[in-house]
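A short write-up of the structure that comes next.
The values are calculated or read from the model by the stated rules, or taken from the named source; none is laboratory data. Remember, it's a predicted structure, so these values are computed and weren't measured experimentally. FYI the Cβ positions are ideal-geometry reconstructions off the backbone, even for glycines, and counts take in every protein chain you see.
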Amino acid sequence: MEISYYGHSCFLLRSKRATVLIDPFADYVGWRLPKLEADIVCCSHQHRDHNCLERIKGEPFIITEPGEYEIKGVSVVGLPTWHDNKKGEERGENTVFIINMAGFQICHLGDLGHVLSNKQRDEINGVEVLMIPVGGVYTLGTKRAVEVIKQIEPSYVLPMHFQTKESGKDFKDLATLDEFLKQAEVEDTTSQPKLRLDSADLPEEPKIVILERRK
């Protein structure tokens, strides 16, 4: 299977049997999400930079709440978490998605705003791919993102929800990708268009992968 990145927190997962789109966004993010088609759409919470369903073609199965789902051979588990580190007092709830697809487990943390409890860590532990917000302000910042990566120890880490040159005004205070990479002590900043998963070639230590934004 392969994973493509459309910017902000939006990823498209594609296997031979199904496609899953996560957190489609509205234009105020700073650029326009192209019209996309998917079998399943997951929205981590009801903010417009994560739930812009009008950008989706067709009639996908839409998941917006915690629970267990099975669609077209894809298993999706939504775990309740918080959008801040005050148990939702500031920004409400957030759903973390664990997606079992084509023999791989992928975790999208949405707008997670806190380090994980022991229970949450145990529920997520064992995933091969972790999609994690790193920009702070509304989510985990660079330091706490590194802490969560250490909690989960995935094979691949895909950073998301950071500031870019194109970011809209609501996202100008986020940390940049470079700031996160410095905090994570990553020296190789080479980007790639997609992440293709092969169970025979998974790294033993967490590897941070920088995906180019598809347009």
Exercise. Could you grab me the full set of residues in the stretch 1-15 that are modelled with pLDDT of 95 or more, in a loop (DSSP other than H, G, I, E, B) and buried (at least 19 other Cβ atoms within 10 Å of the Cβ)?
Key: His8, Ser9
Exercise. Sort through Pro159, Pro154, Pro203 and tell me the only one that's buried (at least 19 other Cβ atoms within 10 Å of the Cβ), assigned to a loop (DSSP other than H, G, I, E, B) and on the phi < 0 side of the Ramachandran plot.
Key: Pro154
Quiz prompt | Filter result for the condition that a residue is among the acidic types (Asp, Glu), out of contact with any Pro (no Cβ under 6 Å at 6 or more places or on another chain) and at pLDDT below 95, over Glu166, Glu179, Glu205 | solution = Glu205
Quiz item: Do you know which residues across the stretch 170-193 are loosely packed, with under 15 Cβ neighbours inside 10 Å, assigned to a loop (DSSP other than H, G, I, E, B) and of a type outside the set (Val, Ile, Thr)?
Solution: Lys172, Asp173, Glu185, Glu187, Asp188, Pro193
Quiz item: Between a first residue in the stretch 97-114 that is crowded, with 23+ Cβ neighbours inside 10 Å and a second residue that is of a type in the set (Lys, Arg), which pairs have beta carbons less than 8 Å apart while being 6 or more apart in sequence or on different chains?
Solution: Asp111/Arg91; Gly113/Arg91
Quiz prompt | strands (runs of 3 or more DSSP E) contained in the stretch 45-89 and holding at least 3 residues in contact (Cβ under 8 Å) with a residue 12 or more places away in the chain | solution = 61-63, 74-82
Quiz item: Inside the stretch 1-54, can you point out the residues that are closer than 18 Å to Leu109 by Cβ and among the β-branched types (Val, Ile, Thr)?
Solution: Ile3, Val20, Ile22, Val29, Ile40, Val41
Quiz item: Does the stretch 68-84 contain any residue that is over 18 Å from the mean Cα position of the chain (by Cα), surrounded by fewer than 19 Cβ atoms within 10 Å (Cβ to Cβ), at pLDDT 95 or above and aliphatic (A, V, I, L, M)?
Solution: yes
Quiz item: Across the stretch 16-38, what is the total count of residues that are closer than 30 Å to Ser199 by Cβ and surrounded by 18 or more Cβ atoms within 10 Å (Cβ to Cβ)?
Solution: 9
Quiz prompt | Restricting the stretch 97-137 to residues that are in a loop (DSSP other than H, G, I, E, B) and among the polar types (S, T, N, Q), the residue that is nearest to Lys86 (Cα to Cα) | solution = Ser117
Self-check item: Leading residue by the ranking (surrounded by the most Cβ atoms within 10 Å (Cβ to Cβ)) among those in the stretch 115-139 that are among the hydrophobic types (A, V, I, L, M, F, W, C) and more than 26 Å from Ala18 (Cα to Cα)
Solution: Val134
